[in-house]
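Let me begin by presenting the structure, written as structure tokens, before commenting on it.
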Ligand code: DGL
């Protein structure tokens, strides 16, 4: 049996005796995209220890093949589980979720995973014009999962998918320095295309775009409603922690210990210090061996 297996075999006894679980909850994205999810969850659940991991060694995920991503994520999770023993993992990344969630669940059955998928369901259910836009990475937009969701819940609503790799790069590299006009201009290009096609719903299907949520809402109003998944994901995590009398909950009387990891061998950039500092998390590099 692997070291991870031995660790997990001993775990339930500890939980039973203390009725609290101090292990971290892991939030993963290719870069800063998962931060809005992590920040929101943290604001609601300060006692939980969180570990944010930015897999910058493999950024951007959206340009990779599905199989490539599955291998990258399996290898990364194997090392994260061995090193950090998380109690729950959040794929705060739509691309990682549509590409690898099933394989990760099958490979690591002891670790509960929460995935982030574009909020297609409410958008197609509420679209009066029967056309909902989805903005994401190429990998997400091309994945059959999006069309399957629309077919399942859409009641005839069509999906217009647009890949926006340059918007991912913009958020990852420039969001801290960009002025409001620049942000609005970046967003407007996409809104114009959805509006011209007659869409009245727009799903932000890439976590990076949450950094531009306000700009999207302003540019899309009043005809296009913008959907995101931040609160839905947070509630899903909470419901897993609260199951079985809160078996996975941390002790509410003390604050969690929070860390921010960046993968890759490059020197840690100042911007990462800023992101980690804003969250109040300690920053370090996580070794990359793929
Ligand atoms: N933030 C990611 C998502 O939600 C992907 C960005 C990337 O291409 O790495 O899809």
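The values are calculated or read from the model by the stated rules, or taken from the named source; none is laboratory data. Here the structure is a predicted model, which is why all the values come from computation and not from measurement. For neighbour counting, all protein chains shown are included, and Cβ atoms are generated from backbone atoms with ideal geometry for every residue, glycine included.
Structure above, values below:
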| item | result |
| --- | --- |
| Close pairs (7 angstrom Cβ cut-off, 6 or more residues apart or separate chains): modelled with pLDDT under 90 in segment 263-274, not in a helix (DSSP H, G or I) anywhere | 264/288; 265/288; 268/262; 268/283; 268/285; 271/176 |
| Those residues of segment 124-151 which are more than 16 Å from the ligand (Cβ to nearest atom) and in contact with a helix residue (DSSP H, G or I) (Cβ under 8 Å, 6 or more places away or on another chain), in sequence order | 124, 125, 131, 132, 150 |
| Residue in segment 6-26 that is within 13 Å of the ligand (Cβ to nearest atom) and either modelled with pLDDT of 95 or more or within 19 Å of residue 104 (Cβ to Cβ) (or both) present | no |
| Residue check, residue 117 within 15 Å of the chain's Cα centre (by Cα) and part of a loop (DSSP other than H, G, I, E, B) | yes |
| Flag if residue 117 is surrounded by fewer than 23 Cβ atoms within 10 Å (Cβ to Cβ), within 16 Å of the ligand (Cβ to nearest atom), modelled with pLDDT under 95 and farther than 23 Å from residue 272 by Cα | yes |
| Scan of segment 46-69 for residues that are in a helix (DSSP H, G or I) and either without any contact (Cβ under 8 Å) to a residue 24 or more places away in the chain or away from the ligand (no atom under 15 Å from the Cβ) (or both), ordered by number | 67, 68 |
| Which numbered condition residue 95 fails, given (1) outside any helix (DSSP H, G or I); (2) out of contact with any strand residue (DSSP E or B) (no Cβ under 7 Å at 6 or more places or on another chain); (3) within 12 Å of the ligand (Cβ to nearest atom) | (1) |
